[in-house]
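Before any comments, here is the structure.
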Amino acid sequence: MKKRVLSGIRATGRLHLGNYLGAVKGMLALQDNPSYETFYMVADVHTLTTPYNIEELRKNRREVMVDYLAAGLDPQKSVLFQQSEVNAHIELAFYFSSVTTIAKMQHLPTFKDKVKQYPEHATMALLNYPILMAADILIYKAGLVPVGIDQEPHLEVTREIARRMNQEYGTDFPEPKRFATKGEYIPSLTGEGKMSKSVEGSYINLTDDLETIRKKVRSVPTATEAGGEKSSGLQALFSFLQVVAPTQVQHFEQSFQQGTLQFVELKDTIAEAIYAELKPLQEKRKELEANPAYVDQVIAQGAQKACEVAALTVKEVRGKMGLL
Ligand code: AQP
């Protein structure tokens, strides 16, 4: 039997380079490997866990699907769907919440970070985020999850829930592992933390043109102390280089050591390599924008296929928990 794979991205905005290199690249690699059956969703329900605008959500849940298709996710090879179309995820999350403690959820670093970011929105939905994520994965009995390194604590929760459910109710959930890409952690353009949709000035959009990318990369702060360590901005630039132009690392590393590093040359090399990676996606996106009926069809077909598989798991869990 083929091993199942699940991944998703929240519909909080258009995808950025971090989402692409940390998650979508892994999704593509597994989609193209015949040993796997891949399920990829637009995590629109997860969008409700932080403040959002209704009209923007409506727009973004489709835009993320278009970005997926532009990046090469293929409905002939993967089940591509919107999470909210498969109600069973929410139902399973509730069953899973019965084997998860409040204390455990409150101590997760991701929960604490988001509460710090949105102190007025410390909601139950936010607290439940990792439980819903466990349901997203385990409803397809997925053993492999292509996501960035920031999701590791959530995957640990998923494994704990799988173990609990298997022990208490005799289910056969796998303990899923993360599938890592070489872009598993893309730093912010500000030089602090990770590239993130919700942090202005931190990201490069997949739709940015060369000029915009060049401007953004040139804005990364690069001041270094003479003969000293690399600043966090410069470290971020070297991380970019490692992922998008690895053959250039040695050259720039050498000039840094010799004190001859030209920041503009480094930045422009990175910008051009990023644009070369994104250009084909941008061309494909234009074709998709001209064909909305095709996108509608992908969304409808994906929902149907995902619902069929999800319904089987939920029925099994209901039976094992005494609800049938
Ligand atoms: N900087 C990153 N480097 C590598 N991978 C990343 N991912 C996100 N940022 C980076 C990966 O992208 C996928 C989607 O993440 P998400 O669903 O958590 O989306 P998000 O929360 O909308 O991502 P952001 O950009 O961090 O948004 P905000 O600011 O809204 O929280 C995941 O696989 C994630 O690891």
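The values are calculated or read from the model by the stated rules, or taken from the named source; none is laboratory data. No experiment lies behind these values; they were computed from the predicted model shown. Note that we place each Cβ from the backbone using ideal geometry, even for glycine, and neighbour counts take in every protein chain shown. With ligands, DNA and RNA removed, areas are computed over all heavy atoms of the protein, side chains included. Shrake-Rupley method; radii C 1.70, N 1.55, O 1.52, S 1.80 Å.
Structure notes:
- Applying 0.36 nm per residue to the separation of Asn166 and Val199 and subtracting their alpha-carbon distance, the gain on full extension is 8.0 nm.
- Binning the C-alpha pair distances of the chain at 10 Å intervals from 0 yields a P(r) profile of 6, 25, 32, 23, 11, 3, 0, 0 %, listed from the shortest bin outward.
- Of the accessible area of the chain, computed with a 1.4 Å probe over protein heavy atoms only, carbon and sulfur atoms account for 52 percent.
- Anisotropy class of region 94-192 from Cα gyration tensor, a/c 1.5 cut: oblate
- Prolate/oblate/rounded label for region 29-167 (Cα gyration tensor, a/c 1.5): oblate
- For region 210-286, the percent of C-alpha pairs falling in each 10 Å distance bin, counted from 0 to the bin holding the largest distance, reads 19, 51, 23, 6, 1.
- When both region 284-299 and region 232-269 are represented by their alpha-carbon centers, they are found 38 Å apart.
- For the pair Ala223 and Asp32, label points projected 7 Å from Cα toward Cβ lie 4.4 nm apart.
- One chain, two ends: Ser232 and Lys284. Fully extended at 0.36 nm per residue, the span grows by 15.3 nm beyond their Cα-Cα distance.
- Sorting the segments 40-50, 178-188 by their residues' average number of neighbouring beta-carbon atoms within 10 angstrom, most packed first, yields 40-50, 178-188.
- Eligible lysines near Lys114 by straight Cα distance, threshold 27 Å, same-chain separation 8 or greater: Lys25, Lys59, Lys104, Lys177, Lys182, Lys194, Lys197, Lys216
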